Amino acid sequence: MNLKEKVKELIDKHLEENPSLFLIEYSIGKDNLIKVIVDGDHGVNIDDCVALSRAIEHNLDREEEDFSLEVSSCGIFAPLTQERQYTKNIGREVEVKTATATHIGVIQEVSDGKVTLQVTSRQPKPQGKGKITVTEQFSLPIEEIKEATLKIKF
């Protein structure tokens with residue numbers, strides 16, 4: 001078993017024991033730099049990262065293969081890439097880019113690989129001058145979303 005397979009097996013085992021956490025990405029780069037990025041249904045704290053780091057590090061033999069290890073959460077500004085991340089953020093405002101348009105709206109529902117957004121916009125009145133506020137809901141398949149990021153308000 002090579003290093004990448006062994007690391008994946010260790011990550012999977014740890015995440016089975018901690019079902020609120022899920023893997024976003026992992027990679028092994030030059031000089032055996034192992035990077036693991038996780039997210040959680042209720043967020044990720046430092047203790048979660050430390051526990052995963054130890055689960056990996058304590059089960060790899062540095063005598064066999066030297067490595068460096070970085071375990072982190074995906075961060076609030078990272079793009080949403082998995083259905084579980086969309087579900088975690090129901091009720092929050094996101095900016096979603098597809099191949100043809102950009103939408104800013106609030107995630108209302110996530111199911112069957114689709115995200116339902118509620119989008120509010122100002123549109124011209126059907127008659128006369130001025131604009132009216134229009135609220136619409138529509139669903140997008142997650143596979144059609146090129147990038148989705150949370151809109152953070154301070």
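You can think of it this way: the chain between residue 109 and residue 77 has 9.4 nm of extra reach, that is 0.36 nm per residue less the Cα-Cα gap. Less than 5 angstrom separates the built amide H of residue 24 from those of 37, 38, 39, all sequence-distant by 5 or more or on a different chain.
Mind checking region 22-129 for chymotrypsin sites (Phe, Trp or Tyr not before Pro) that DSSP puts in a loop (not H, G, I, E or B) and that have at most 10 other Cβ atoms within 10 Å?
Those that pass, being in a loop and sparsely packed, are 77.
What is the angle, in °, between the Cα long axis of helix 3-17 and the longest principal axis of the Cα atoms in the chain? Nearest 10 is fine, range 0 to 90. Orientation of helix 3-17: about 70 degrees from the principal axis.
Could you pull out the pairs from 88/151; 125/146; 88/146 whose alpha carbons sit more than 24 Å apart here?
Numbers: 88/151 14 Å; 125/146 32 Å; 88/146 19 Å.
With Cα atoms farther than 24 Å apart: 125/146.
Taking all protein chains together, 142, 90 sort by accessible area into 90, 142, largest first [probe 1.4 Å].
With both residues required to sit in the chain, DSSP beta bridges show an antiparallel share near 80%. So what's the angle, to the nearest 10 degrees on a 0 to 90 scale, between helix 46-57 and the longest Cα principal axis of the chain? Orientation of helix 46-57: about 40 degrees from the principal axis. A simple rule links phi to the HN-Hα coupling: the Karplus curve 6.51 cos²θ - 1.76 cosθ + 1.60 with θ = phi - 60°, which for region 63-75 gives 5, 7, 7, 6, 7, 10, 9, 10, 10, 8, 7, 6, x Hz, with x for Gly and Pro. The distance between label points at residue 101 and residue 41 comes to 3.3 nm (points 7 Å beyond Cα on the Cα→Cβ vector). Counting only residues at least eight positions apart within a chain, or on another chain, the aspartates and glutamates with an alpha carbon under 14 Å from that of residue 30 are 65, 66, 70. On the protein heavy atoms, probe 1.4 angstrom, tell me the percent of accessible surface of the chain carried by carbon and sulfur. Roughly 46 percent of what the probe reaches on the chain is carbon or sulfur. Calculated [222 nm] ellipticity per residue, helices only, for the chain: -6500 deg cm²/dmol; basis is -39500 (n - 2.57) per DSSP H run with n ≥ 4, divided by all residues, nearest 500. Extending 7 Å from Cα along the Cβ direction at residue 147 and again at residue 68 yields two label points whose distance is 2.7 nm. Within region 1-74, DSSP assigns beta bridges of which about 50% are antiparallel (rounded to the nearest 5).
Loop only by DSSP, 10 or fewer other Cβ within 10 Å of the Cβ. Give me the trypsin sites (Lys or Arg not before Pro) in region 55-154 that pass, ordered by residue number.
62, 129, 153
Only Cα pairs under 8 Å and 6+ residues apart enter the sum, and on that basis the relative contact order of the chain stands at 18 percent. The GluC sites (Glu not before Pro) found in region 53-130 that occupy coil by DSSP, while having at most 14 further C-beta atoms within 10 Å, are 63, 64, 65. Once both labels are positioned 7 Å from their Cα atoms along Cα-to-Cβ, the gap between residue 50 and residue 119 label points is 4.5 nm.
On a per residue basis, region 19-92 carries 60 Å² of accessible surface, using protein heavy atoms and a 1.4 Å probe. For residue 92, the residues whose modelled amide H falls within less than 5 Å of its own, excluding neighbours fewer than 5 places apart on the same chain, are 107.
The values are calculated or read from the model by the stated rules, or taken from the named source; none is laboratory data. All values derive from a computational prediction rather than experimental measurement. Counting neighbours? That spans all protein chains shown, and the Cβs are built from the backbone with ideal geometry, glycine included. Ligands, DNA and RNA are excluded from the accessible area calculation, which covers all protein heavy atoms including side chains. Shrake-Rupley method; radii C 1.70, N 1.55, O 1.52, S 1.80 Å.
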